[in-house]
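Notes for the one structure printed next.
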Amino acid sequence: MRILAIVNGEYGRRHVTNIQTHGPAEWQLHTWEAPAFYPPVIDYPEDYLPPDLPAAELVLSFAEHKGVAELLPDVAEMVGATAVLAPIDNEAWLPRGLARQLHGWLAQIGVACATPKPLCSLTEHDYGVARRKRVPYDNPLIAGFARYFGQPRLQIAVDEETRVVTAVTIHRDAVCGCARHVAAGLIGVSADDAAEKAGLLHHHYPCLASMGIDPDFNDTLMHVSGNVLKDEVAQAVRPYRRITYISPGKRSET
């Protein structure tokens, strides 16, 4: 798969590094360092595009400015892409109204689009956009990417006698690499504590999603991202957890 990643800050660069390090060897990944500043309204997109870009089937927009979203239809046409993945880890970078417009612009030129919020909600068939709301999609390129990067999917081995985590296999990493970081820190942790430990490790990575309250979740996207990983770990170790039930004592009659 030929991929063009658009970056203009640390957020995108971390994603690209993780994809280059752990993505399939047959992927051809190129990066465009987009401008960092744009006017409120972009009248002439060509003024902010390079003379040429390498051909690509899938465009990944990891930019940290909403102006880049306005360039994506032109970028897709320039490189011959048929799919665009434009995650929302910070609504300042891709506001929901602009995301809706982007879907429309790309649909007009026959380009598929996915805008997962946050990025680590992406699976091979759908993605999150709000609390208890997911959007299905059907595109082999985006799904091919999501087979390796998106909503973390882990397989956790636990010693049945000690109930301690002995190994963690990454079936799908977060694009930023956070799931690998968490997996390494879970070795030797009790199944009872694994989910909470995962949350702490996620927080210390740190996640690059927004720390402002997002109205679609009434929570920070960083917290949403952390819960995605905690829930995955909790599900994986559930058969090994020891649940203690406390029965209320009887009141003394004396």
### Task
Collect the residues in segment 217-236 that are part of a helix (DSSP H, G or I) and over 16 Å from the mean Cα position of the chain (by Cα), keeping them in residue-number order.
V233, A234, Q235, A236
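Got at least one residue in segment 232-253 being under 24 Å from A86 (Cα atoms), at pLDDT 95 or above and out of contact with any Gly (no Cβ under 8 Å at 6 or more places or on another chain)?
First, pick out the residues of segment 232-253 that are under 24 Å from A86 (Cα atoms): 232.
Filter once more, so that each one left must be at pLDDT 95 or above: 232.
Next, only the ones that are out of contact with any Gly (no Cβ under 8 Å at 6 or more places or on another chain) stay: 232.
Scanning segment 232-253 turns up at least one residue that is under 24 Å from A86 (Cα atoms), at pLDDT 95 or above and out of contact with any Gly (no Cβ under 8 Å at 6 or more places or on another chain).
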### Query
So M1 fits all but one of (1) surrounded by fewer than 18 Cβ atoms within 10 Å (Cβ to Cβ); (2) without any contact (Cβ under 8 Å) to a residue 60 or more places away in the chain; what number is the exception?
(2)
### Task
Report whether or not A92 is within 22 Å of L208 (Cα to Cα), assigned by TED's automatic domain parsing to the domain that holds Y137 and more than 15 Å from the chain's Cα centre (by Cα).
yes
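For the condition free of Cβ contacts under 8 Å to residues at least 60 places away in the same chain, within 30 Å of R96 (Cα to Cα) and touching a Pro at 6+ places or on another chain (Cβ under 9 Å), what is the one hit in V129, V135, V228, V175? Let's see the steps before the verdict.
Numbers: V129 fails: free of Cβ contacts under 8 Å to residues at least 60 places away in the same chain; V228 fails: free of Cβ contacts under 8 Å to residues at least 60 places away in the same chain; V175 fails: free of Cβ contacts under 8 Å to residues at least 60 places away in the same chain.
So the residue among V129, V135, V228, V175 that is free of Cβ contacts under 8 Å to residues at least 60 places away in the same chain, within 30 Å of R96 (Cα to Cα) and touching a Pro at 6+ places or on another chain (Cβ under 9 Å) is V135.
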### Message
If L119 satisfies all but one of (1) over 12 Å from the mean Cα position of the chain (by Cα); (2) surrounded by 16 or more Cβ atoms within 10 Å (Cβ to Cβ); (3) not assigned by TED's automatic domain parsing to the domain that holds N227, what's the number of the condition it fails?
### Response
(1)
### Task
Considering every residue within segment 169-191, establish whether at least one is more than 20 Å from H22 (Cβ to Cβ), crowded, with 19+ Cβ neighbours inside 10 Å and touching a Phe, Trp or Tyr at 6+ places or on another chain (Cβ under 9 Å).
yes
#### Entry: Condition check for A114: assigned by TED's automatic domain parsing to the domain that holds D52, more than 15 Å from the chain's Cα centre (by Cα) and closer than 20 Å to S61 by Cα
no
## Note on the structure
D47 meets each of (1) surrounded by fewer than 20 Cβ atoms within 10 Å (Cβ to Cβ); (2) under 29 Å from G177 (Cβ atoms); (3) not aromatic (F, W, Y) with one exception, condition (2)
### Task
Report whether or not G104 is outside any loop (DSSP other than H, G, I, E, B), of a type in the set (G, A, S), assigned by TED's automatic domain parsing to the domain that holds A63 and in contact with a helix residue (DSSP H, G or I) (Cβ under 9 Å, 6 or more places away or on another chain).
no
### Query
What do you reckon, is A69 without any contact (Cβ under 8 Å) to a residue 40 or more places away in the chain, surrounded by 21 or more Cβ atoms within 10 Å (Cβ to Cβ) and within 25 Å of S210 (Cα to Cα)?
yes
### Summary
From the option list L29, L60, single residue qualifying as touching a residue at least 60 places away in the same chain (Cβ under 8 Å) and surrounded by 15 or more Cβ atoms within 10 Å (Cβ to Cβ) is L60
### Query
What is the one condition in (1) touching a Ser or Thr at 6+ places or on another chain (Cβ under 9 Å); (2) surrounded by 13 or more Cβ atoms within 10 Å (Cβ to Cβ) that G212 does not satisfy?
(2)
#### Entry: Residues of segment 215-226 satisfying the condition of being surrounded by fewer than 19 Cβ atoms within 10 Å (Cβ to Cβ) and either of a type in the set (D, E, K, R) or in contact with a helix residue (DSSP H, G or I) (Cβ under 8 Å, 6 or more places away or on another chain) (or both)
D216, D219
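Tell me yes or no: at least one residue of segment 75-95 is surrounded by fewer than 17 Cβ atoms within 10 Å (Cβ to Cβ), modelled with pLDDT of 95 or more and not in a loop (DSSP other than H, G, I, E, B). Steps first, please.
If we filter segment 75-95 for residues that are surrounded by fewer than 17 Cβ atoms within 10 Å (Cβ to Cβ), which is where we start, we get 77, 80, 92, 95.
Narrowing the set further to residues that are modelled with pLDDT of 95 or more leaves 77, 80.
Filter again for not in a loop (DSSP other than H, G, I, E, B), leaving 77.
Yes: one or more hits.
The values are calculated or read from the model by the stated rules, or taken from the named source; none is laboratory data. For clarity, every value in this text was computed on a predicted model and none was experimentally measured. Neighbour counts are summed over all protein chains in view; Cβ atoms, including those assigned to glycine, are modelled from backbone coordinates with ideal geometry.
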